[in-house]
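Here, each number is a calculation from the coordinates, and none is a lab measurement. Computed from a predicted model, the values in this text were never measured in an experiment. Cβ sites come from the backbone with ideal geometry, for glycine too, and all protein chains shown count toward neighbours.
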Amino acid sequence: MSIDFAGWCKQVQSDMEQVLDRHLPPPSQVPARLHEAMRYAALDGGKRVRPLLAFAAGELFDAPRDAIERAAAAVEMIHVYSLVHDDMPCMDDDDLRRGKPTVHRCYDEATALLVGDALQAQAFEVLAGGELEAARRVAMLAQLARAAGSLGMCGGQAIDLDSVGVALSLSELEQMHRLKTGALLQAAVMLGALAGKTLQPTEHAALAAYAKAIGLAFQVVDDILDATADSATLGKTAGKDAANNKPTYVSLLGLAESLALAEKLRQDAHEALLPFGRGAERLRELADLIVQRKT
Ligand code: GRG
């Protein structure tokens, strides 16, 4: 491990720009406007947390570079599709994403719908390709499909839409977030690992425990940032949860307890990584980044 964590993140983030560029249809290809809009949504923006997780897990388990890149690109494409659809007037109705006008504002609603649909399809095409043996690729496709579907991200979003103005219990809130945000973050870790050497059941369980902890920690911190940071810092509209009367960790637990929960989840994530020793340093550092991030 010759470069420090910040340098490694920068390298992965810059590599991801090229990987996504390579795996998205060129802007000149017909239908050019759709392809341009897909690239507008996916390129040049975001923290790339999911690709960073896929890279860290893939490198820990010696996955081939092309397989890590495909896993990272596929998860990021699903994530970007979810952001594009979530921002639409029928859902969160937002004007700002990643510091830029949202896709339906920059283009139009029908294009935004198609951008999300096409990015989702493209994610599975990217993951289906490459040189890994077919059974492993099928396992990765199934993992991503489950994380994205009604038992994962879409299911969480459905619960979220039904929860406006509803007093959820803490366990209901956790269930919603484990699906809406946690499932895809978990998939990023597990896909990176699946691209590498076969895991023993205990290794699989330890990695899944790590992924579960950081998946929830991410959302607890997202709720904290929504309540405490400004739109310019976040690159998206801040304060929307309270404005929309949405249940959050901050509204249920208060700020101090939410901060303590995020810290506990960070420690849980570190503990889960103990069996992997020093090799898991990047995953440990990513848990810290997720909890200590300011955007
Ligand atoms: C529309 C099917 C469908 C699902 C939408 C993830 C999601 C479900 C909506 C996004 C709304 C939102 C703000 C969720 C909170 C957590 C989250 C996913 C934040 C955005 O992720 P970041 O911070 O974004 O990783 P960047 O832009 O850095 O990639």
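The distance linking region 1-69 with region 100-143 is 13 Å (Cα centroid to Cα centroid, whole angstrom).
Backbone geometry of region 88-95 corresponds, through the Karplus equation with coefficients 6.51, -1.76 and 1.60 at θ = phi - 60°, to 3J(HN,Hα) couplings of 5, x, 6, 10, 8, 6, 10, 9 Hz, x marking Gly and Pro. Computed about the Cα centre, the dipole magnitude for region 173-256 is approximately 220 debye when only Lys and Arg (+1) and Asp and Glu (-1) carry charge, each at its Cβ.
Over region 196-295, the alpha carbon radius of gyration divided by the compact-protein estimate 2.2 N^0.38 Å works out to 1.22. Among ARG50, ARG282, ARG105, the largest mean-square fluctuation in a Gaussian network model of the chain, built with springs joining Cα atoms closer than 10 Å, belongs to ARG105.
Mean projected area of the Cα convex hull of region 5-292, taken over all directions, amounts to 14.1 nm².
Give me the distance between the Cα centres of region 255-276 and region 170-197, rounded to whole Å. Centre-to-centre distance over Cα atoms comes out at 15 Å. Each stretch of four or more DSSP H residues adds -39500 (n - 2.57); spread over every residue of the chain, this sum gives -22000 deg cm²/dmol at 222 nm. Dipole check for the chain: with +1 at the C-beta of Lys and Arg, -1 at the C-beta of Asp and Glu, and the Cα centre as origin, the magnitude is about 460 Debye.
Relative contact order for region 119-264: 23 percent, from Cα pairs under 8 Å spaced at least 6 residues apart, divided by residue count.
Within region 99-130, whose backbone N sits under 13 Å from a point 7 Å along Cα→Cβ of SER231? Those under the cut-off are 99-102. Residues whose amide H falls under 5 Å from that of LEU96, counting only those 5 or more places apart or on a different chain, are THR102, THR237, with hydrogens built in the peptide plane.
Relative to the 2.2 N^0.38 Å rule of thumb, region 141-227 has a C-alpha radius of gyration ratio of 1.16.
For region 66-173, what is the per residue volume of the convex hull drawn over the alpha-carbon atoms, in cubic angstrom?
Spelled out: Cα convex hull of region 66-173, divided by residues, is 124 Å³.
If the chain linking LEU170 and SER150 were pulled fully straight, counting 0.36 nm for each residue of separation and taking away their Cα-Cα distance, it would gain 5.1 nm.
Highest mobility in the GNM of the chain, judged by mean-square fluctuation with C-alpha springs under 10 Å and restricted to ARG284, ARG136, ARG22, is found for ARG22.
Largest GNM mean-square fluctuation across ALA238, ALA260, ALA269, computed for the chain with C-alpha springs under 10 Å, falls on ALA260.
Treating r as the C-beta distance of LEU255 and LEU161 and R0 as 25 Å, the FRET efficiency rounds to 0.50.
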